[in-house]
Amino acid sequence: MTVTYLKRGKPAESRAEDDAKVRSVVETTLKDIETRGDAAVRELSQKFDGFERPSFRLTDSEIEAAMQRVGTRDMEDIKFAQDQIRGFAEAQRATMTDLEVETRPGVILGHKNLPVQSVGCYVPGGKFPMVASAHMSVLTASVAGVPRIVASAPPVKGEPHPAIVAAMKMGGAHEIYVLGGIQAVGAMALGTETIEPVHMLVGPGNAFVAEAKRQLYGRVGIDLFAGPTETMVIADETVDAELCATDLLGQAEHGYNSPAVMITNSRKLADATLAEIDKLLGMLPTTETATASWRDYGEMIVCDTYEEMLEVANDIASEHVQVMTDRDDWFLENMHSYGALFLGPRTNVANGDKVIGTNHTLPTKKAGRYTGGLWVGKFLKTHSYQKIVTDEAAAEIGAYGSRLCMLEGFVGHAEQCNVRVRRYGGRNVAYGAAAE
């Protein structure tokens with residue numbers, strides 16, 4: 001296999017050092033929130049966001065006032081995006097049906113899909129107010145039927161961001177807080193004097209938010225490990241350098257540590273894309289962020305064959321994978337580790353992020369090897385149930401159960417089965433079950 005790296009990002013050792021620093025900060029901060037509750041949350045909000053108010057929860061009148069500040073066109077665009085996302089989420093929900101089946105005469109097994117009872121939805125603010133993240137988490141939880149949806153986003157320029165508040169409210173949030181970062185997810189998961197804890201945390205965020213969710217997992221459920229955004233472009237000479245460079249830098253502007261990787265079997269396209277990236281970085285308003293990401297986390301990989309491109313792509317397991325080749329459907333058929341695929345030059349990651357209808361909260365840091373992204377099913381728990389409705393079935397299953405329990409040495413377990421055999425199967429069946 002011949003794979004050439006024309007550009008590499010930070011070595012793994014450096015990235016591991018960065019992760020270790022983040023872990024330490026998050027661990028200390030979460031302990032503080034758990035110990036001191038609201039006081040710690042207030043101090044953290046002042047420290048990191050320069051923001052304080054008597055209550056971080058918005059009142060109904062404050063929500064209404066914020067929504068009134070959203071322009072007509074912006075409100076129409078938010079509604080359009082939510083219609084797209086709601087429609088796809090409802091279609092997905094319709095595929096998840098309850099089940100009941102009689103596996104043997106008198107033996108009935110089934111499952112029910114039940115919503116998580118409370119969810120905390122984090123919506124990033126930071127450099128960019130991520131309005132779309134409210135659709136992806138709040139609205140999708142609403143479609144799933146979650147009865148208590150808590151939403152939180154950091155202040156933007158010292159106040160709640162009107163469009164984020166509007167998206168949260170229109171999406172179905174029951175409680176809206178103006179809190180960011182570790183203090184937001186920590187407060188929602190651990191609870192404070194004024195914030196009742198939730199059962200599950202969802203939503204993307206920076207490295208600190210992602211690490212906080214990782215450390216809180218077990219205390220609460222989480223959707224997935226969704227850290228700094230990642231993008232990958234898989235391209236051949238059916239497309240040009242401008243498209244490739246634009247799709248790479250369009251995601252690199254997210255933050256200083258957003259990996260952007262291109263895999264191609266064309267050295268000519270690779271060189272042209274590198275040149276185009278330099279050109280675009282000189283023009284992009286967000287060049288400071290995009291330049292840092294591309295410098296430290298950007299990679300350009302040249303392979304000999306499509307099979308090699310596929311192998312490298314599956315190994316990296318990027319969050320967003322933009323495929324622009326003469327065999328896009330082949331990649332769709334054979335890719336197995338990724339967050340979401342964007343197939344063909346007409347498609348792009350930004351559409352997926354904002355409006356097309358799929359969810360943009362996706363696995364990062366190779367988590368695509370074992371989980372998909374956030375979707376309506378993440379808010380549903382599939383619980384099984386069983387019932388035996390005839391004496392004959394109780395005796396039959398009990399006899400098998402008794403012997404299998406004794407095979408493992410569980411005498412008390414076996415007696416649970418035996419008492420049913422004796423009660424519902426008659427003396428002969430009972431002794432036969434035990435003797436066998």
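The values are calculated or read from the model by the stated rules, or taken from the named source; none is laboratory data. Treat the numbers as computed from the prediction; the structure is a model and nothing was measured. Virtual Cβ from ideal backbone geometry, glycine too; neighbours counted across all protein chains shown. Note: areas computed on protein heavy atoms with side chains; ligands, DNA, RNA excluded. Shrake-Rupley method; radii C 1.70, N 1.55, O 1.52, S 1.80 Å.
Stokes-Einstein diffusion of region 191-250 at 20 °C, 1.002 mPa s viscosity, Kirkwood radius from Cα pairs, rounded to a whole number: 149 µm²/s. Computed about the Cα centre, the dipole magnitude for region 202-325 is approximately 600 debye when only Lys and Arg (+1) and Asp and Glu (-1) carry charge, each at its Cβ.
Between exposed chymotrypsin sites (Phe, Trp or Tyr not before Pro) in the chain, where DSSP calls loop and at most 15 other Cβ atoms lie within 10 Å, what's the longest gap? Walk me through the numbers before you get to the answer.
Numbers: sites that count: TYR370, PHE410.
In short, 1-369.
Placing a label point 7 Å from the Cα of VAL3 along the Cα-to-Cβ direction, the residues of region 232-252 whose backbone N falls under 19 Å from that point are 232-236.
If you average the alpha carbon positions of region 12-39 and of region 264-283, how far apart do those two centres end up, in angstrom? If you average the Cα positions of each part, the centres end up 37 Å apart. Applying 1/(1 + (r/R0)^6) with r as the Cβ-Cβ distance of HIS336 and TYR217 and R0 = 30 angstrom yields a FRET efficiency of 0.80. Projected label points at PHE48 and THR286, each 7 Å from Cα along the beta carbon direction, are separated by 2.0 nanometres. At an R0 of 25 angstrom, the distance between the Cβ atoms of ARG267 and GLU311 translates into a FRET efficiency of 0.85.
Restricting the calculation to Cα atoms, region 83-214 yields a radius of gyration followed by a Dmax of 17.3, 66 Å.
Here is the tail figure for the chain: Cα pairs spaced more than 37 Å apart come to 37 percent of all pairs. Probing with 1.4 Å while keeping every protein chain in the model, the per residue accessible area of region 70-221 equals 40 Å². Per residue, region 228-379 exposes an accessible area of 40 Å² to a 1.4 Å probe, with every protein chain left in place.
Each Cα pair under 8 Å and six or more residues apart adds its sequence gap; the mean of these over the residue count of the chain is a relative contact order of 19 percent. Above 23 Å lies some portion of the pair distances; for region 150-263, what is it as a whole percent of all C-alpha pairs? Cα-Cα pairs in region 150-263 separated by more than 23 Å: 43 percent.
With the charge dipole of the chain set up from +1 on Lys and Arg Cβ and -1 on Asp and Glu Cβ about the Cα centre, the Cα lying farthest toward the positive end among the listed residues TYR122, TRP330, GLY372 is that of TYR122. Of MET335, MET200, MET130, the residue with the greatest mean-square motion in the GNM of the chain, using alpha carbon springs below 10 Å, is MET335. Mean-square fluctuations from a GNM of the chain, with a 10 angstrom spring cutoff on Cα atoms, peak among PRO160, PRO285, PRO129 at PRO285. With contacts taken as Cα pairs under 8 Å at a separation of at least 6 residues, region 207-268 carries a relative contact order of 35 percent. For Cα pairs less than 8 Å apart in space and 6+ apart in sequence, what is the mean separation divided by the residue count of region 145-290, i.e. the relative contact order in percent? Relative contact order, region 145-290: 16 percent. On the chain, 52 percent of the accessible area sits on carbon and sulfur atoms, based on a 1.4 Å probe.
Modelled spin labels at ARG23 and GLN386, positioned 7 Å past Cα toward Cβ, are 4.0 nm from each other. Restricting the GluC sites (Glu not before Pro) of region 305-408 to loop positions (DSSP other than H, G, I, E, B) with no more than 13 neighbouring Cβ atoms within 10 Å leaves GLU408. Here region 100-247 is assigned +1 on the Cβ of each Lys and Arg and -1 on the Cβ of each Asp and Glu. Its dipole about the Cα centre then comes out at about 720 debye. Here is the list for region 136-219: GluC sites (Glu not before Pro) lying in DSSP coil, each with at most 13 other C-beta atoms within 10 angstrom of its C-beta, are GLU193. Spacing of the modelled spin labels on ARG36 and LEU404, each 7 Å from Cα toward Cβ, amounts to 5.4 nm. Given +1 at the Cβ of Lys and Arg, -1 at the Cβ of Asp and Glu and no other charges, the dipole of the chain around its Cα centre is 1360 debye to the nearest 20. According to the calculation over all Cα-Cα pairs in region 53-109, the P(r) per 5 Å bin from zero is 4, 14, 10, 11, 11, 11, 10, 8, 5, 5, 6, 5, 1 %. Sorting SER14, SER118, SER384 by solvent-accessible area of protein heavy atoms yields SER384, SER14, SER118, largest first, with a 1.4 Å probe. Comparing ASN265, ASN334, ASN257 in a Gaussian network model of the chain (Cα springs below 10 Å), the most mobile by mean-square fluctuation is ASN334.
Taking every pair of distinct Cα atoms and averaging 1/r, then inverting, what Kirkwood hydrodynamic radius in Å comes out for region 275-370?
In region 275-370 this quantity evaluates to 14.9 Å.
Global size of region 296-436: 27.2, 76 Å for Rg and Dmax (C-alpha atoms, Rg to one decimal, Dmax whole).
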